[in-house]
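Here the structure is laid out as structure tokens; the discussion comes afterwards.
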Amino acid sequence: MSGNNRAVISTVLFAVVVALTGSLVLFLGSAAGAAGPSHRVVAAKAHGPRQLSELIASDAWTGDDFGWSVAVSGSTAVVGAPYAGAYKGAAYIFSKTGKTWTQTQTLSASDAAPGNEFGWSVAISGTTVAVGSPGTYFGIGTAYVFTDTGGTWTQQSEFSATDAMGGDKFGYSVVTSGSSVMVGADGHSARKGAVYIYTENAGSWPLQVELTASDGLPSDMFGWSMAVSGSTLVVSAVRHAANGAIYVFTDTGGTWSQVAELKAGDGADDDYFGDKVAVSGRLIVAGAPGHNKTTGAAYIFRGAGANWTEVGEPTASDGAANNCFGWSVGLSGTTVLVGAEQHNAAAGAAYVFKKSGSTWKQQPDLTAGDAAAGNEFGYSASLSGNTAVIGADNAEGGAGSAYIFKV
């Protein structure tokens, strides 16, 4: 792991992600740092989840941490590398044509500067990409919106909080849905945290509302992670009451209101419940990588509005202490993905669970075709339909990579 922030985070959190196993047959491409294609095509097993491609930045360099954050929507994926270019950071757009994923653009901030960590968080919805840059202005933080016009992504807006203070880390998390972008600032107000919602209007993005937890306290870190589905927004506060909580907000006629607060049924101190969250329709998944001596756990809730019930706690069949199962999570329909980036000497793994009756049945676990100790496969994950993108931010000699799977 690289970077001061990461060193602090890593002492208590671990990765949750989703990936899919395949046997490596063929690589096409070049090593990190060399010129050439920005993807590797991988032939995989004929049955079960399939690894389709390995993505590598066209300008990859050791220490970039490409794969720190990932997001996918349909045939477009976004991968963040917050430490690229002396921590200026970058985000990369990959597009699928036929069966091939190709890098089509590199995004950077119009006011890029060393230490900004652009790409710490990424999100995509349709033709809108949001990128968080929590390191700008000595940790005040900034977020950026890019829109796609005719295949070219252009920066449309730059956000910063009107009540910003040093250490707010505005942009630590970002999500986007429709015409709205949500930005988390987990360090705001003595680390109580806050979330800001911006809604597009005729090309501009005015602030709509600032959200906080109804029972927020200093050091709760509300806004650490977020997920959105339609009119439902889920926000985590990983240090609330020492073990974490997630908050559900709903949008009614343009007004966002907190309707529920969820906790793990068997939660304990330092679980980091809500380290990553995902929502799809009536289901919410929350990772808790610190649970049970960092073996980790994931929790599934079902409901709507103010009524949510814990309905599952999937675990890895080969779970062990320090695996950090739940570091990242993904959810699409009733398919759940959970990453464990410290599994097997930090080679990493990801797990797929599919609903069968009233339970979630574990599918074959997922690993990278070129798995190696220390790669941290599963550090990040995103799922759209049956396409999963999983980040391994320490692969390729520390340059990082991301993997595409069909689940």
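The values are calculated or read from the model by the stated rules, or taken from the named source; none is laboratory data. All of these numbers come straight from a predicted model, not from anything done at the bench. Counting neighbours? That spans all protein chains shown, and the Cβs are built from the backbone with ideal geometry, glycine included.
Tally time: how many residues in region 90-104 are in contact (Cβ under 8 Å) with a residue 12 or more places away in the chain and either within 16 Å of the chain's Cα centre (by Cα) or not in a strand (DSSP E or B) (or both)?
Counting residues in region 90-104 that are in contact (Cβ under 8 Å) with a residue 12 or more places away in the chain and either within 16 Å of the chain's Cα centre (by Cα) or not in a strand (DSSP E or B) (or both) gives 5.
Report yes if residue 369 is among the small types (Gly, Ala, Ser) and in contact with a Leu (Cβ under 7 Å, 6 or more places away or on another chain), otherwise no.
The answer is yes for residue 369.
If you check 226, 221, which single one turns out to be buried (at least 24 other Cβ atoms within 10 Å of the Cβ) and either touching a helix residue (DSSP H, G or I) at 6+ places or on another chain (Cβ under 8 Å) or at pLDDT below 95 (or both)?
None of the others qualify; the one that does is 221.
Taking the criterion of being touching a Ser or Thr at 6+ places or on another chain (Cβ under 8 Å) and surrounded by fewer than 18 Cβ atoms within 10 Å (Cβ to Cβ), would at least one residue in region 365-383 satisfy it?
Within region 365-383, not a single residue is touching a Ser or Thr at 6+ places or on another chain (Cβ under 8 Å) and surrounded by fewer than 18 Cβ atoms within 10 Å (Cβ to Cβ).
Give me the residue from region 355-377 that is assigned to a strand (DSSP E or B), in contact (Cβ under 8 Å) with a residue 12 or more places away in the chain and of a type outside the set (A, V, I, L, M) and, out of that set, nearest to residue 332 (Cα to Cα).
Ranking the candidates gives 355 first.
Please count how many residues of region 199-213 are assigned to a loop (DSSP other than H, G, I, E, B) and either buried (at least 16 other Cβ atoms within 10 Å of the Cβ) or touching a residue at least 40 places away in the same chain (Cβ under 8 Å) (or both).
Count: 5.
Picking from 309, 250, which residue would you name as being among the β-branched types (Val, Ile, Thr), farther than 28 Å from residue 407 by Cβ and surrounded by fewer than 23 Cβ atoms within 10 Å (Cβ to Cβ)?
250
Looking only at region 149-160, count how many residues are part of a loop (DSSP other than H, G, I, E, B) and touching a residue at least 40 places away in the same chain (Cβ under 8 Å).
Number of matching residues: 1.
For a quick check of your reading of the model, give me the residue pairs whose first member lies in region 378-395 and is on the phi > 0 side of the Ramachandran plot, whose second is modelled with pLDDT of 95 or more and not aliphatic (A, V, I, L, M), with beta-carbon atoms closer than 7 Å and at least 6 apart or on different chains.
Qualifying pairs under 7 Å: 378/327; 378/328; 378/339; 378/341; 378/348; 385/332.
Can you tell me which of (1) more than 20 Å from residue 235 (Cα to Cα); (2) buried (at least 24 other Cβ atoms within 10 Å of the Cβ) is the one residue 108 doesn't meet?
(2)
Does region 378-401 include one or more residues that are over 16 Å from the mean Cα position of the chain (by Cα), of a type in the set (S, T, N, Q), part of a strand (DSSP E or B) and farther than 19 Å from residue 93 by Cβ?
no
For region 319-347: of the residues being in a loop (DSSP other than H, G, I, E, B) and in contact with an Asp or Glu (Cβ under 7 Å, 6 or more places away or on another chain), which is surrounded by the most Cβ atoms within 10 Å (Cβ to Cβ)?
The qualifying residue surrounded by the most Cβ atoms within 10 Å (Cβ to Cβ) is 326.
Here's a check for you: in region 162-180, which residue that is in contact with an Asp or Glu (Cβ under 8 Å, 6 or more places away or on another chain) and assigned to a strand (DSSP E or B) is farthest from residue 71 (Cα to Cα)?
Going through the qualifying residues, I end up with 180.
Listed here are the residues, each with its yes/no results for (1) over 19 Å from residue 103 (Cβ atoms); (2) of a type outside the set (Gly, Ala, Ser); (3) in contact with a Phe, Trp or Tyr (Cβ under 7 Å, 6 or more places away or on another chain).
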{"site": "122", "(1), (2), (3)": "no, yes, no"}
{"site": "125", "(1), (2), (3)": "yes, no, no"}
{"site": "133", "(1), (2), (3)": "yes, no, yes"}
{"site": "137", "(1), (2), (3)": "yes, yes, no"}
{"site": "145", "(1), (2), (3)": "yes, yes, yes"}
{"site": "152", "(1), (2), (3)": "no, yes, no"}
{"site": "169", "(1), (2), (3)": "yes, yes, no"}
{"site": "174", "(1), (2), (3)": "yes, yes, no"}
{"site": "178", "(1), (2), (3)": "yes, no, no"}
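Which of the residues that make up region 256-295 are in a strand (DSSP E or B) and more than 17 Å from the chain's Cα centre (by Cα)?
256, 257, 258, 259, 260, 261, 262, 283
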